[in-house]
Every structure is written in structure tokens, then in C-alpha cells.
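Novice: Take a look at the following structure, please.
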Amino acid sequence: MTKTIFQKIIDRELPAEIVFEDEEIIAFWDITPAAPIHILIVPKKLITSINDIKDEDKKLIGKMFLIAKDLAKEYKINENGFRTVFNTNDDGGQTVYHLHLHLLGGRKMSWPPG
Ligand code: 5GP
């Protein structure tokens, strides 16, 4: 199977500005930021999208949000607010088929999203 861009970042075959890493999760700056703060939180385990998460992934998904919370504090967007997004498949705007949580902040977000 061809590696996703994110798998190549995890495997250090592609560079990225990594802001967090442990044995299960990596987080790095988005290469095309949609906001002043735009970080991607990615499980090292290959899960293609939300459609593919399993019961056994509950803790891992929860941990992604705890890391989002910590990074929001670290980058000082926790007080003003921020947005966390999982895009799923074509209509959801997903372009990389390796589960990732977008952490976006540093500007006022509009609603509904485009
Ligand atoms: P999606 O559209 O799948 O929800 O989000 C994929 C995100 O990955 C996009 O925001 C895109 O800018 C980002 N991205 C795509 N390729 C790379 C890359 O090579 N490096 C980094 N850091 N981000 C990438």
C-alpha cells in the first residue's frame, strides 16, 4: 500500500515542523495554514477516516483531544477560542486519508463553514 503523506512524516521520510510526539501520536504545523495557528494531530496508527474508527480506538481519539487542549494552551488560543475539525471523505473536504484532527485558532472563525 502506498504511504500517505502523514505516514511519510511519521517515518521521517518527509520533513515537518513537529510540535508534539509520543509513541501513539504526532502533531505538526499544517503546510498550508488556514489560520495563524493550524496544527494537525495525527495518530501513528493508520486509520483512514472517522468511518474507520473502532471501539478499540476510543482512548486514542480521546487522547487526540487532550493533546489539542494542551497545544491550544501552549499556543495561547485557549482563552479566545479555537476550532477542532475532522474532515471526512470528499464532501467533508478530506484530502489526506490518514485520520487527523485540525486545531485552528488565532483568528475569528466563521459559521457555517464553507
Ligand atoms: P484534510 O484536507 O485531509 O482535512 O487535511 C489535510 C491537511 O494536510 C491540509 O490542511 C493540508 O494543508 C495538509 N498537508 C498536506 N500535505 C502536507 C504536508 O506535506 N505537510 C504538512 N505539514 N501538511 C500537509
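Novice: Translational diffusion coefficient, Stokes-Einstein: compute it for the chain using the Kirkwood radius over C-alpha pairs as Rh, at 37 °C and 0.692 mPa s, and state it as an integer in µm² s⁻¹.
Specialist: Values: Rh = 14.5 Å.
Value of D from the Cα-based Kirkwood radius: 226 µm²/s.
Novice: What does the charge dipole of the chain about its Cα centre add up to, to the nearest 20 debye, if the Cβ of each Lys and Arg holds +1 and the Cβ of each Asp and Glu holds -1?
Specialist: Charge dipole, the chain, about its Cα centre: 300 debye, nearest 20.
Novice: Considering only Asp55, Asp22, Asp70, give the residue with the highest GNM mean-square fluctuation for the chain, with springs between Cα atoms whenever their separation is below 10 Å.
Specialist: Asp55
Novice: Listed here are the pairs Lys3/Lys73; Lys3/Lys76; Lys8/Lys54; which of them are more than 27 Å apart at the Cα? Mind dumping the intermediate values first?
Specialist: Working: Lys3/Lys73 32 Å; Lys3/Lys76 33 Å; Lys8/Lys54 23 Å.
Going by Cα-Cα distance, Lys3/Lys73; Lys3/Lys76 fall outside the 27 Å limit.
Novice: Hand me the GluC sites (Glu not before Pro) from the stretch 30-114 located in a DSSP loop with no more than 12 other Cβ atoms within 10 Å, in residue order please.
Specialist: Details: sites: Glu56, Glu74, Glu79; in loops: Glu79.
Sites meeting the loop and neighbour criteria: Glu79.
Novice: Can you give the relative contact order of the stretch 5-105 as a percent, counting alpha carbon pairs under 8 Å and 6+ residues apart?
Specialist: Details: 141 pairs, mean separation 31.6, N = 101.
Across the stretch 5-105, relative contact order equals 31 percent.
Novice: Here's another thing I want to ask about it. Exposure proxy check: Ile18, Ile10 ranked by fewest other beta carbons within 10 Å?
Specialist: Working: Ile18 14, Ile10 23.
Taking fewest neighbouring Cβ atoms as first place, the list is Ile18, Ile10.
Every number here is computed from the coordinates shown, using simple stated rules; none is lab data. Predicted model only: the values in this text are computed from it and were never measured. Positions of Cβ are generated from backbone atoms using ideal geometry, with glycine treated the same way; all protein chains shown enter the neighbour counts.
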